[in-house]
Structure formats: structure tokens, C-alpha cells
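Asks: Dumping the structure here so I can ask a few things about it.
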Amino acid sequence: MSDETRETRIEAQNPLSASQKNPEKTSHIKSLIWGGVVTLIILAFLPVPLFTTNLSFMFYMMLWLTMATSFNFVAGMAGYMPFGYVAFYGIGAYATGVLYKTFGLPIPIALAGAAAAGVAIGLLLAPTLRLKGVYFGIVSLALAMAMKLIISLMPAKITGGSLGLILSGANDPTMAYYAMFIVLLGALAAGTWLSMSRLGIALRAIRDDREAAEVVGVNVVRTRLKAWVMATMFPSLVGGVEAWYTNAIDLESSFNLLVTAKSIVYAMAGGLGFLVGPIVGASALYGIDQLIWRHFPTLNLLILGVVIIALMLLLPRGIVGAFAQRFSRFRRFIP
Amino acid sequence: MLKVDQLVKTFGGMTALAGISLTVPDRSILGVLGMNGSGKTTMLNCINGIYEATAGEISLDGVSLIGKAPHAVFSEGVGRTFQVPRIFPQMSLLENLAVALLNKGLSNAQVAEISAHWLNKVELYRLRHNYAEELSGGQQKLLELARIMVANPKLVLLDEPFAGVNPSLALLLIGIIREMPQEVGCSVMLVSHDLTSVYELSDNILVMHEGHVLAEGNAEAIQKNPDVIEAYLGA
Amino acid sequence: MNELLLQGLVNGIVVGLIYALIGVSLNVIFGVLRVVNFAHGEFIVLGAYGAYFAQQLLGLSPLLAMPLVFLVFGLIGYGLYFLLVQRLSRSNDPEHASLLVMFGLSLVLGALMLLAFEADSRSLNFSLEPPFLMFGNVILPTTKLLGLGVSVVITGCLAYFLYRTMPGKALRAIIMNRDAIQIVGVDLNHLSALTFGLGLGLAGITGIIVSMIFPSFSPFIGQDYTLIGFIVIVLGGLGHPIGAVAGGILFGLAEQTAMVFFSGTVAMLLGFVLLIAVILIRPAGLFGVQNLR
Amino acid sequence: MWTITKRSFLAGTLLACMSLPLTVAEAAEKIRIGMTVSSSGNFALASQSGVRGVEIWVDEINKQGGLEFGGEKRLVELVKRDDRSDKQMVARVYEDLIVNEDVDILLAPFGSTLTAAAATVTERLGKFMVIWSAASDALYDQGFKNIVSATQMPVSRMPSAGLEAAHALGGKKVAIVNVDEPFPAGLADGAEAIAEKLGMEVVLKEDYPKGTKDFSLLLQKARAAGADVFFPTSYEGDLISMVRQMRQMNVNFPFSFMVYASTPQFIEIGDDAQYIYSHTNFHPTINWEVNAGLDRAGFISAYETMFPNVSYEPDFQTVLAYGAAVIAGEIIEKADSFEADKLKQAALDLSDNLTVLAGPYAVDETGKQLKMPFPVVQLQPEKGLVTVWPEEVAVAKPVYPIPAWDQRN
């Protein structure tokens, strides 16, 4: 696009921009919208166990909302793609299982252990944060694979070997449901804090142009590390709570690449970088996924693949992102 | 005062800077001329820490900048712009400026006030909530300049500030740069191959050629220097 | 143990060269187009199916199927470039976008293969006489030697193409500097589409060779090959087509040696650990010369 | 874009919610049996083989007018869903089957992992589940009350026939290798214990990760360890690779036993499959005195009528699932109730009283299967697959040692 056309576009918008005199009001409306979204989420999920024993649909919806939201911390706000995100999910599941089953600790402590394990591994991998672009994605993918192999090499007495662990003694889906609810609220709170805080500004600057951010005083490695720690804690908790909910842990499903893929796709479908992006994306695509699975059971992976391709080619900024681009005067109201 | 002493930078076997020495006194503008590939941008990258110098010394007001990461150099008071403006495209103009003020320990009100001042100065205030990617190339250069100026730097490195800027914006830009030493109190290193504006703005001029300093002096002396004439007009 | 180790080392080189072939085509695509082809393994498996059906339906031996598969896959690649890859360059972050699109494509291809060929493992009915040759105490299957020979020839042809012919030089120029090549006036689109076709054509041939040497294949194993490919090209240097050969041999040797002393699980873990270590210590790869980006 | 997606999502959800009560109302008289099938993923092949067996049973029962229940004949309806070999999916679908689809009894998904995920749901919601393919011993130690393994014996006992045959023929040193997945690993552990009990020496026991492509070194390690019994417990893709590479590397073992070598897919690879020992519960020469469900001949003709286009013949998964469905039907009729504890009691009462196509049925309190033996078969030139062990059912003499590659023509 040439300078001239850009100028005219700006000019055309100027009356609108100029009428927007009060920046405080803008951020106020933005907060209101976000508050409304969070309230809706609470109202939608909180009372479910009172009405039905069929918790799974809503449970997994919360799971994907949390995964997509926390994925947004690194991808949307810090601009890098950990393609091995599933590693933390798997570590969380195994930490929970091992602490509960092998060491006999109560579930809440096991879950705290899962979060700690996730963060610990995240910190261990901190040196990879200096990698750029696709290198980071590949390394993190390799780490997920390595993690799976390491667990499979550990004594079967601890990890249950290739069969995995069955936590039948802990079966309490309603409690697990509320645990997931709390994790989701935690992720939303963390997201809110991240986007409103100065850390969030630094992260988005890094995402947009890492070198330029450095040149205006942003300590890239340290800033990323903070987001990274937050982004590793939530999938670990999610993996742990999911293990508690299904009571079955095994290597194949704990380290299934589709977990990463879905986190990415759900977050991107909504729009990376917006708080509401992952929420819109996860609820829309999760709903579609359910429909596909009901009506075209044998075609679901095929359709998932087609959706990913179509999304990346036609709507690379996601639903919210495309909306913001099309109606740029509303962009400032989107949390 | 910026002091660069015998700065050397090599890439593998290729020498990009072969011992550059210069000083930029406080509240002055140093123009740096030179053709493509003469090492101008490499020198800027060494000063602000994007590249690690192979040898030599760089100091600002007596504090060595060698071995410091770009964000640390920025904290020492060195701001820079790029040949192709590098703004944060998916952030609003206000947020673009806020990035540079993150570590200054300012209140939100102070940040807003400083940002408003500089956005007015570069005539972008009315677009403050727009995303930076919506700006024209020239406006992006102005935004980039405002983004370093909010942090109240001691030294500003400008890499080809006029490249691709339409004439009316260029005038605005020249006006702002001209005022900077006195009004803001910072010194400027102005790298360009646009002779006219460099001659007009600079207190002192340095001509680089193939990694060396070819000539140094005021505008008049440079225009008469036979080496410069030969390098520019060719043998 | 010494005899086994010797056998392991020889096997490592042979298997490594096969791995290298996977990496070479992956790297051609990444180096030139900056496309992280996550569907590469699926194309390899498709190549194997191509040979399988050429044998079943046309009675073609796998060796004769190679040029046919190369052509068909090349054409598919040429078309896919315009369908998928070209649009990616408009994205904010083309590399990551390509990774995701190709991941989507790998799901699609896997699902289509499952629909078309069902879940059963298949195997090419292919054997040579004599089935093996002895070199001292070291035994080498003739199919492996044949596969090795074909890989070397293909890699050699590719190297000749890249370093000695004009289009090849243009391709390498793209790897080094995308912007410059545009200025020089090369039809980038056409060349890029050809490259994608070349990459997929090579992947198809790789699939045939791989299925001669690692006999069974099914619609599910694509990802295994993709991962091997990534290990190999990161070791050898991302985007450095011939570096993949060194990466492949290194990985093959490491894997087979680990297999002699430990187990297959340790061997595979070693592969990933090597990859991580190399990226952290030398992001350009062990044999990469220039730092790409 | 946003509104469209949102709207279609809502509409879809509404549609899905509305369609449920309708189907339930229509099918009120039918006995609803729920299960999942894997359309994709690791278990797709086995799972789909299995569900064909269940479909044959449903067809057969409905042709007879249904199951005797509450004094009347009631038709049977199979409610099958997809699980993509994914345990997340299994938990969700089994819950959905019980809560929304209102099924009366469940059949398990394929494999121990998925079955474990399903069992936690059926236990919680108080439903009875009949298992046809979960062999992990650990599953039956979890204290699940309402499960019964109708046809699948636990993995710890499964290798016994094969190793007993090897031992009787003179095998002394065993090499056990497996892919690092639950079922093969369980088999390998079981094989190790059984071999040691038989007084054989386990000279190599090694696992390798999924995705391993080259087995030549593993084979040579087994040979270098001096093994005369080679006992890989992996799935058939790996076994095909192994046997091809055994030929390519001139590796010979007097006794090679491969769990899946009796499948049509394995036999299809041609001459390299000759002489390999295997086990199966479904073979022309195995004819149990069936007292429930179809016998072999009836089953085959039913299979050919229902699945004329499927490229493969029924395999042992089909037979296991078919047998499990038959036994499930017997249990329902015996209990005359869908309450889990009554069904479980009926399952125990029927123990040792039923013989289905897959063999005699007997379970203990934990639901573990105690019988359903797997005879050993060998693929022999001209004769094809023949039963060679145990002697009671053997129809041919085992070829031992297996001729070396260079001594075959």
C-alpha cells in the first residue's frame, strides 16, 4: 500500500478519531466489556453441576478455554509459538498422578505439585527463550517428545510404565469440575493482569518487533520469562485436573500433539493478542468440533485439518482480529 | 558526550569498521555521511548494542557502553531510530510510546502527559488510539522519533530519518531535529546520505568510506575536501 | 559387543543417509520458501502408497515407480504452492503460519489416507537376490545398499543442480537473500512453485526408498518421518540442503550406537537431546555456515 | 464472521439438544447398548474389526425378535460413537451415552487405556460394562465393581500357550522385545514371568519407542544374545518390518512367535510370513462346543452377508467382540434387569456355563477372564495356518526348528 492511500485512509477516519476525546472513557468501556465477558463465563459454568451429571461438555470447554487463554500469553502477547506446549499438559497430568497414586498425597497437594513441576520445567527451559522464530517452536516440540520418552524410561513402579496410571480412588467429577473452574478463573485473572499491566505492553512490543523493543529499553529475556512462567503453570494445572477428572493417565494421550494443535487453533481462531480472542475462538470451534463429531464421526480429523488450513489462509488474525481490522474504530474497545 | 575510540567490527573475514574514532559533544548534531556499505548503520548498531564491537571503546559521559545489551544502552540514555521505521504495528500510538517509558518508574498520569506532549509535537495526537500500522511510512518515522524522545535521552541516533518521507513531513521532521539540542538538551548523531539536510542541520560532519573516517569538519570544509569529492564523484 | 558395535556403526551410516534424504527435501522447501512442512511425513507415506499401488495395479517395480511418483508429486506440489503456500507470504508471521497450515494439511492427508487405504499396515512386495552381502562380519541387506545407492545418486543430482546449474543457483540465492533475488528479476513465483514441486517430488521418492528399507507403512506413521526430518535438518543446519546429509549421518550413527549399548527408547531420546543441544549451542546447525535470520 | 459462527454454533447446539429426546422416545422399546469405535488413531484397525462382530450379533438377535426381557422380546439397538482412540473423548462419550442417550448397558472401547477411562465413568454413573479387549491386569485391580471381561484373558496369561509350546519343543533362551505401548508391554512382562517359571532363560528383554523404523540392530542383538526363541509382542506393522528385516539380515531363530502373525494383514505379506508361530482364537480348526451365539460356520456366513465389501476376513478381534456381545446378551436375559449389581451377579452366575465362538467363559469377582485360551498356530507351506498347540486341539505337527532363510526354496 502506498503512502498516499494510507494517508487518505487515515484522513477519512480522522473525524471519528478526533471525536474520541477521552482516553479514560475508552479504557473504561474496554474494562466493562471484559467484565461482562468474565461474568458471562462465570454464570455459564458455575451452576452446571446443579442441573446435570453430564459435565463433560462443559468441563472440556473450560479446559480448552484455559489452554487457549494461557497459550495466548506466549503466542499472542510474547509472539512465539511453543509447538510442544503439550509437554506441560503431560507433565501436569503425570505429576498429579504420581504424587497421588505413588506417593499417596491428597489431590489438592498433587495439583499444586503439578503446577510447581510445570513451572520448574519451564524455568529449566528458560535458555530456549532466546531462540528466534521457528527454532523456538521446533525445540519446544523436541522437548515435548523428549519429556514423553523420559517418563517412559522412568521405573514403572513410579509412573505406571506404558500402561500409565489409573486414579480410580480419586473419582469425583464435580470437584474436578470446580477445580477446572478455578483454574479457568485463574487464567482469566492472569490474562487480565497481563494485558492491563506494563508487563503486557512490554510483551506485545516484543511480539510486534523484538529488536525494536530491545532498543527502547525492554529486557526481552526477562520479560518473556515472566510470561513463560505463567504460560507453563496453567497447562500443567489443566493436565492435572483433567487426569483427576478422567482418572486415567497414559503417555499417548498426555503427550498428544493434538493438544498443542487445538490450543493454537482455538486461540488463533479467536485472535491472538486479544483477551477475548481465545474465548471466542475456543467456544466457537469447540462447538463446531462437537457438531462434527456428532454428525460426521469418521471425518472429524479431516475437517479439523481443513478448518486449520482455512483459518490460517483466510482469517489469519482470527475472528476478533478480523473484526478489529475491518472496524478499526471499535478496536480500542476490544479487550 | 559520546566518545567512540578506534571502533572495529568484523564479520567473519570482512571488516565493516576499521577503527572509527569520533566524539559527539553535548547539545550538538553530528552528521554522518557515506555511501551504502560504508559502515554507517553498522556503527550505530555497535553503539546501541545490537552488534558487539570487535575492538575499541564506546562511552557516553564516561560510562562505557561496550558489552551492554540494547535495552541497557537505552537505559544509559541512547535512543535510536531505524532506516525502515520499526514501530509496534499492532499497538496504539500511545502504547508505542508507553513501551519506552516502562522502566522509568513514572505514574500513569505522567506517562500520559509526556506522551501527549510528544504526540502533539509530531502532529499525531489525534491518531493516538489508532494502531501504528495504520500510519503512513513518514508518520511511522515521526512516531519512532517520538517513541525515543519521551524517554528523555542524552543521545539520539537517527538512521536515515528522511528516507521515504514526503516533503511536508520531512519539513516537520527537520524542524524537530533542529530544535532537539537546545530544547530537549540531547545530542544527535544524524546518519544519512542526503547531503542537503545533513549540511543544513549538522554542527559537525563526518564522512565514512569503506569502514574508515574519510573526512571530518564543518559543512563548508567537507564540501571542499578533495577526498570526499573523489569518493562521491568517483575517479 | 565389538562386532555388534561395528554392525551398528555401518547400519548407522546407511540408515543415516536414508534419514538424510528425508531431511534434504524438507530443507529444500524450508530453505527456499521458508515453509515449515509439517506434512512432509504424510507425503513420504503417500509416496510409499504410490509405489504400492503402482505395483498392485500396473505391475511396476518400486524402482520404476520412482520417476512416475516424482512427476506426479512434483505436479501436485506445483499446484499446492498456488493453493496454499503463496498466500502465506501475506501473513504477519509466514513461518509460523506455514507450520500451522502444514500441520492442518498433515491431518487432512492422514485422514484421507485412512479413508482411502484403511488402517492396515502394508508392505511392498520387494526383494532382491541375494538378500544380503557379507563384508567380513558385517552383514548388509542388498535392499539397504540399493536404497543407499539411490539416495546418494539423488543427493548428488540435487547438489549438482543446486551448485552447477542456473536455476539451482537462483534457488540458492533465494536461500541467502530473498529480497535481492527479486531485484534481479527472477520470476519468484514460478521458481517457488517449482521448488515446492521439487521438494514434494523428492518426498515421494523418499517414501519409496523408505518403504523398501523400513518395510511396513500405514496412514498413521507420517509424523514419525516428519520428526526424523526435523532432527536431521536442525542438526545439519536449517535451510541448508546438503547440510542435511551430515545431519542424517550424525543422527543415524548416534541412534544406532545408543541402540547397541542401551535401548531404542534411549536412542530416540538421544536424537531429541542432540537437536536441543545443537539449537542452543549453534542455532545455524553443526554444518550451517551463515546464520539464517 | 463472528456472528455467523456464533449463530451456527448456537443453532447446532440447540439442534443437538432437541434431537435427543426425540430419538429416546422413538426407541423406548429397544434395549440400547452403547459403545465407542475408533475412527482414527492407534486403535482404529482393531476397534473397527471388533465392532463388526458386535454388529453381527445385533443383527442376529434382532432377526430372532430380540432379547427376552421383562417377559417380552425386545429389539436391540447399538448406539456407537467415535472416540478417535482418545481417552478424553472416551470419558466424554460414555458420559453422553449414559446421560443423554440413555443406554441400558455398555460395551467397552478397544484397549485397556480407553477401557479404564470408560470404566471410571460407568462406575460413577452406576452402569454395567462388558469388556471385550482390555487385557491389562492393572485394570482389574482397581476395584471396579460393574465390569466384566467377557472374552479377553488378562495379558499376564496371554503368552503362556506360545511359550509352553516353545519350551516343549526345546527352546531355552528367550528374547522378548516390544514397542513401548500398554498392551505389548504388558505381554512382554507376562512373557518374561512365564518364561522364567518354565525354566527358560530370558537373554534379552528390550522395548523401543513407537515410531521406530529400523529393527536390524535389535534383531542382531537378539541373535548375539544367543536366543533360540524370539518373542516380539508389538503390533503387526512392526512385526511385518521385523520379519522382512530378519530375511534381509539373515537372522534365524528356531522359534519365532509373533502375536499378530495370525492376522490376514500379516499373512498377506507373502513368503516371509511362513513358519512364524502365533496364536488365535478363531480358526477353521478351532471348533469349541458353542452353547451361546453362532458357531464358526454360522458366524462366517453372517459376516459375509453383512460385510461383503470389507477387504479382510474376520480376525480374532471380531470374534472377541462378537463373543462379548453374545455374553452380554446372555447376561441381560439372565439378570432381567439393567441394574449394575444384578447384571454383575448374572455375569458371575454364568461363569463356567457358557462357551461362545471365542471359547469357554469364566470370570472371577474382579471381572477378570479366567479361560478363553488362545491355541498356538503356525503358518506352514501348503497347509496354511494350522493349529499346532496344545496337543488336544492340534491338527498338525509344528515345524521346529524354523528353517533358516537360505534353506527354504
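Asks: Which whole-number percentage describes the relative contact order of the stretch A:32-333, with Cα contacts under 8 Å and a sequence gap of 6 or more? Let's see the in-between values first.
Replies: Values: 451 pairs, mean separation 90.9, N = 302.
Worked out over the stretch A:32-333, it gives 30 percent.
Asks: Next up: Any chance you could run the full-extension gain for A:I150 through A:A116? It's 0.36 nm times the residue separation minus the Cα-Cα distance, nm to one decimal. Working shown, then result.
Replies: Working: separation 34, 0.36 × 34 = 12.24 nm, distance 1.84 nm.
Gain in length upon complete extension: 10.4 nm.
Asks: So, one more: Would you please give the FRET efficiency between B:E57 and B:E210, computed as 1/(1 + (r/R0)^6) with r the Cβ-Cβ distance and R0 = 25 Å, to the nearest 0.05?
Replies: With a Förster radius of 25 Å, E is 0.70.
Asks: When a/c reaches 1.5 or more, the comparison of a/b and b/c decides; with that in mind, is the stretch A:22-125 rounded, prolate or oblate per its Cα gyration tensor?
Replies: Oblate, because a/c is 1.5 or more while a/b does not exceed b/c.
Asks: Still on this structure, please answer the following. Strictly greater than 64 Å: what percent of every Cα pair in the protein assembly as shown meets that? Don't jump to the answer; show the numbers that get you there.
Replies: Details: 133184 of 808356 pairs.
Distances greater than 64 Å cover 16 percent of the Cα pairs.
Asks: Then there's this: For a protection proxy built on the mean count of beta-carbon atoms within 10 angstrom, sort B:112-120, D:352-360 highest first, please. Before the final figure, lay out each step's value.
Replies: Details: B:112-120: 17.7, D:352-360: 21.8.
Averaged packing, sorted descending, gives the order D:352-360, B:112-120.
Asks: Binning at 10 Å from 0, report for the stretch D:215-329 what percent of all alpha-carbon pair distances ends up in each bin.
Replies: All Cα pairs, binned at 10 Å, distribute as 12, 38, 25, 17, 7, 0 percent.
Asks: Still on this structure: Per residue of C:120-132, what is the mean number of Cβ atoms on other protein chains within 10 angstrom of that residue's Cβ? Don't skip to the answer; put the middle values down first.
Replies: Values: counts 12, 14, 5, 12, 2, 6, 1, 6, 1, 0, 2, 7, 7.
Going residue by residue through C:120-132 and averaging, the value is 6.
Asks: Another one. Need one number: buried accessible surface between chains D and C, 1.4 Å probe, both sides summed, DNA, RNA and ligands left out, in Å² to 100.
Replies: Details: alone 17610 and 13770 Å², together 28330 Å².
Interface area, both chains combined: 3100 Å², rounded to the nearest 100.
Asks: So what's chain D giving for Cα Rg divided by 2.2 N^0.38 Å, two decimals? Let's see the in-between values first.
Replies: On the way: Rg = 22.4 Å, N = 409, 2.2 N^0.38 = 21.6 Å.
Ratio of Rg to 2.2 N^0.38 Å for chain D: 1.03.
Asks: Amide H of D:A135 versus every other amide H placed in the peptide plane: which residues, excluding those fewer than 5 positions away on the same chain, fall under 5 Å?
Replies: D:S112
Asks: Among all the aspartates and glutamates, which ones have a C-alpha under 18 Å from D:K210's C-alpha, if same-chain residues fewer than 8 places away are not counted?
Replies: A:D250, A:E252, C:E42, C:D120, C:D224, C:E255, D:D86, D:D180, D:E181, D:D189, D:E236, D:D238
Asks: With the crude spin-label approximation of a point 7 Å out along Cα→Cβ, what separation in nm comes out for A:H295 versus A:A189?
Replies: Distance between label points: 4.0 nm.
Asks: Hey, another quick one. Is the shape of the stretch B:46-103 rounded, prolate or oblate, going by the alpha carbon gyration tensor and its root eigenvalues a ≥ b ≥ c, with a/c under 1.5 for rounded and a/b larger than b/c for prolate? Let's see the in-between values first.
Replies: Working: a/c = 3.13, a/b = 1.92, b/c = 1.63.
Prolate, because a/c is 1.5 or more and a/b exceeds b/c.
Asks: Could I ask something else about it? Can you give me the distance in nm between label points at D:A404 and C:L63, each placed 7 Å from the Cα along the Cα-to-Cβ direction?
Replies: Reported label-point gap for D:A404 and C:L63 is 2.8 nm.
Asks: Taking a point 7 angstrom from the Cα of A:L225 along the C-beta vector, which residues in the stretch A:99-122 have backbone N less than 13 Å away?
Replies: The answer is A:122.
Asks: Per DSSP H run of n ≥ 4, the term is -39500 (n - 2.57); total these for chain D, divide by its residue number, and report the mean residue ellipticity at 222 nm rounded to 500 deg cm²/dmol.
Replies: On the way: 12 runs with 165 residues, N = 409.
Mean residue ellipticity at 222 nm (helix-derived): -13000 deg cm²/dmol.
Asks: List the residues whose amide H sits under 5 Å from the amide H of B:I66, counting only those 5 or more places along or on another chain, with H placed 1.01 Å from N in the peptide plane.
Replies: Here B:I58 satisfy the definition.
Asks: Expressed as an acute angle from 0 to 90° and rounded to the nearest 10, what is the orientation of the C-alpha long axis of helix A:3-19 relative to the principal long axis of chain A?
Replies: Helix A:3-19 and the main axis of chain A meet at about 90 degrees.
Asks: If you roll a 1.4 Å probe over the stretch A:32-333 with all protein chains in place, what percent of the accessible area is carbon or sulfur? Mind dumping the intermediate values first?
Replies: Values: 6720 of 9220 Å².
About 73 percent, which is the carbon plus sulfur part of the accessible surface.
Asks: Further question: Could you look at chain D and say what percent of its accessible area is carbon and sulfur, using a 1.4 Å probe and all protein chains? Intermediate results must be reported in sequence, preceding the final value.
Replies: On the way: 7300 of 14140 Å².
Looking at chain D in its full context, I get 52 percent from C and S.
Asks: Hey, another quick one. Rounded to the nearest 500, what is the 222 nm mean residue ellipticity of chain C from helices alone, with -39500 (n - 2.57) per DSSP H run of 4+ residues and division by all residues?
Replies: Numbers: 11 runs with 213 residues, N = 293.
It lands at -25000 deg cm²/dmol.
Asks: Given a Förster distance of 60 Å, report the FRET efficiency between C:Q86 and D:Q64 from their Cβ-Cβ distance, rounded to the nearest 0.05.
Replies: Details: r = 61 Å, r/R0 = 1.02.
E between C:Q86 and D:Q64, to the nearest 0.05, is 0.45.
Asks: Can you list the residues of the stretch C:99-123 with backbone N under 20 Å from a point 7 Å past the Cα of D:E268, pointing along Cα to Cβ?
Replies: Backbone N within reach: C:110-123.
Asks: To continue, here is another question. Chains A and B: what accessible area do they bury, summed, in square angstrom to the nearest 100, with a 1.4 Å probe?
Replies: Numbers: alone 16840 and 10980 Å², together 24340 Å².
Summed over both sides, the interface buries about 3500 Å².
Asks: Still on this structure, I have one more. Provide, in order from the shortest bin, the percent of all Cα-Cα pairs of the stretch A:89-145 in each 5 Å bin, continuing until the bin that contains the maximum pair distance.
Replies: 5, 19, 23, 18, 14, 10, 7, 4, 1
Asks: Under a point spin-label approximation (7 Å from Cα along Cα-to-Cβ), what is the D:M306-C:D187 distance to one decimal in nm?
Replies: Going from the D:M306 label point to the C:D187 one covers 5.9 nm.
Asks: Please compute the per residue accessible area over chain D with all protein chains in place, 1.4 Å probe, rounded to a whole number of Å².
Replies: On the way: 14140 Å² over 409 residues.
Per-residue value: 35 Å².
Asks: Turning to a different aspect of this structure: Enumerate the whole-percent occupancy of each 5 Å bin, from 0 to the last occupied one, for all C-alpha pair distances of chain B.
Replies: Pair shares across the bins are 1, 7, 14, 18, 20, 17, 12, 7, 3, 1, 0, 0.
Asks: Computed on protein heavy atoms with a 1.4 Å probe, what is the summed buried accessible area for the chain pair A and C, in Å² to the nearest 100?
Replies: Details: alone 16840 and 13770 Å², together 27120 Å².
By this definition, chains A and C bury close to 3500 Å².
Asks: Next question, about the same structure. Can you list the residues in the stretch B:41-79 whose accessible area drops by at least 40 Å² when all protein chains are present, compared with the chain alone? Use a 1.4 Å probe, heavy atoms only.
Replies: Hits at the 40 Å² cut-off: B:P70, B:H71, B:F74.
Asks: Also: Can you tell me the mean projection area, over all orientations, of the convex hull of the stretch C:3-281's alpha carbons? Units nm², please. Write out the running numbers ahead of the final one.
Replies: Values: hull surface 61.5 nm².
Hull-based average projected area comes out at 15.4 nm².
Asks: Same structure again: By per-residue mean of other Cβ atoms within 10 Å, what is the highest-first order of D:52-62, D:85-95?
Replies: Values: D:52-62: 21.5, D:85-95: 26.4.
Peptide ranking by packing, descending: D:85-95, D:52-62.
Asks: Using Cα atoms only, what is the angle between the long axis of helix A:198-208 and the major principal axis of chain A, expressed in degrees (0 to 90) to the nearest 10?
Replies: That works out to roughly 80 degrees.
Asks: From other protein chains only, count the Cβ atoms within 10 Å of every residue's Cβ in D:217-229, then give the mean. Could you put the intermediate results ahead of the total?
Replies: Values: counts 14, 3, 0, 8, 7, 0, 1, 5, 1, 0, 0, 0, 0.
Partner-chain Cβ atoms within 10 Å, mean over residues of D:217-229: 3.
Asks: Compute the helix-to-body angle for C:142-164: its Cα long axis versus the longest principal axis of chain C, expressed 0 to 90° and rounded to tens.
Replies: 20 degrees
Asks: Given 37 °C and 0.692 mPa s, compute D for chain A with the Stokes-Einstein relation, Rh being the Kirkwood radius over Cα pairs; round to the nearest whole µm²/s. Walk me through the numbers on the way to the answer.
Replies: Details: Rh = 20.9 Å.
In µm²/s, the coefficient is 157.
Asks: Quickly estimate the mean residue ellipticity at 222 nm for chain B, helices only: each DSSP H run with n ≥ 4 gives -39500 (n - 2.57), and the total goes over all residues, rounded to 500. Numbers along the way, then the final one.
Replies: Numbers: 9 runs with 87 residues, N = 235.
Computed ellipticity for chain B at 222 nm equals -10500 deg cm²/dmol.
Asks: Here is a further query. Given a 1.4 Å probe, how much area per residue of the stretch C:3-281 is accessible, in Å²?
Replies: Values: 9430 Å² over 279 residues.
With the other protein chains kept in place, the stretch C:3-281 gives 34 Å² per residue.
Asks: Might you tell me the accessible area per residue for the stretch B:150-231, computed with a 1.4 Å probe and given in Å²?
Replies: On the way: 3530 Å² over 82 residues.
Solvent-accessible surface per residue comes out at 43 Å².
Asks: Right, next: Rounded if a/c is under 1.5, else prolate if a/b beats b/c, else oblate: with a ≥ b ≥ c from the C-alpha gyration tensor eigenvalues square-rooted, which is the stretch A:54-184?
Replies: Numbers: a/c = 2.20, a/b = 1.29, b/c = 1.71.
Taking the square roots of the gyration eigenvalues as a ≥ b ≥ c, the stretch A:54-184 is oblate.
Asks: Looking at the protein assembly as shown only, what percent of DSSP beta bridges run antiparallel? Nearest 5 please. Numbers along the way, then the final one.
Replies: Numbers: 44 of 88 bridges.
In the protein assembly as shown, approximately 50 percent of DSSP beta bridges are antiparallel ones.
Asks: Summarise the partner chain shielding of A:257-270 as one whole number: the mean count of Cβ atoms from other chains within 10 Å of each residue's Cβ. All intermediate terms of the calculation are to be shown ahead of the outcome.
Replies: On the way: counts 5, 6, 1, 1, 6, 0, 0, 4, 3, 0, 0, 3, 1, 1.
Taking the mean over all residues of the peptide, I get 2.
Asks: Report, in listed order, any pair from C:K144/D:K173; A:K157/D:K197; D:K344/D:K368; D:K173/D:K221; D:K173/D:K205; B:K9/C:K169 with a Cα-Cα distance greater than 20 Å.
Replies: From C:K144/D:K173; A:K157/D:K197; D:K344/D:K368; D:K173/D:K221; D:K173/D:K205; B:K9/C:K169, over 20 Å: C:K144/D:K173; A:K157/D:K197; B:K9/C:K169.
Asks: Hey, another quick one. Using the beta-carbon distance between D:V395 and C:C157 and R0 = 51 Å, what value does 1/(1 + (r/R0)^6) give for FRET efficiency, to the nearest 0.05?
Replies: Values: r = 56 Å, r/R0 = 1.10.
So the FRET efficiency works out to roughly 0.35.
Asks: At a temperature of 4 °C and a viscosity of 1.567 mPa s, determine how fast the stretch B:88-141 diffuses translationally according to Stokes-Einstein, using the Kirkwood radius over alpha-carbon pairs as Rh; express D in µm²/s, rounded to the nearest whole number.
Replies: Numbers: Rh = 11.3 Å.
So the translational diffusion coefficient is about 115 µm²/s.
Asks: Restricting the count to DSSP beta bridges whose residues both fall in chain D, what percent are antiparallel, rounded to a multiple of 5? Provide the component values of the computation, followed by the final result.
Replies: Details: 15 of 43 bridges.
Rounded to the nearest five, the antiparallel share is 35 percent.
Asks: Over its Cα atoms, what ratio of radius of gyration to 2.2 N^0.38 Å does the stretch B:1-91 give? Walk me through the numbers before you get to the answer.
Replies: Details: Rg = 13.4 Å, N = 91, 2.2 N^0.38 = 12.2 Å.
Ratio of Rg to 2.2 N^0.38 Å for the stretch B:1-91: 1.10.
Asks: Given all pairs of different Cα atoms, what value in angstroms does the Kirkwood hydrodynamic radius of the stretch D:48-147 take?
Replies: Details: mean 1/r = 0.0698 Å⁻¹.
After inverting the pairwise mean of 1/r, the radius is 14.3 Å.
Asks: Using a 1.4 angstrom probe on heavy atoms only, work out the carbon and sulfur share of the accessible area of the stretch B:1-49 in %. Let's see the in-between values first.
Replies: Numbers: 950 of 1830 Å².
Summing carbon and sulfur atoms, their accessible area is 52 percent of the total for the stretch B:1-49.
Asks: Please compute, for the alpha-carbon atoms of the stretch D:50-100, the extent along each of the three principal axes and give them in descending order in Å.
Replies: Taking max minus min along each principal axis of the Cα atoms, the stretch D:50-100 gives 38, 24, 10 Å.
The values are calculated or read from the model by the stated rules, or taken from the named source; none is laboratory data. Quick caveat: nothing in here was measured; it's all calculated off a predicted structure. Heads up, the Cβs are rebuilt from the backbone with ideal geometry, glycines too, and the neighbour counts pull from every protein chain shown. Accessible surface is based on the protein model in full, side chains and every heavy atom, while ligands, DNA and RNA are left aside. Shrake-Rupley method; radii C 1.70, N 1.55, O 1.52, S 1.80 Å.
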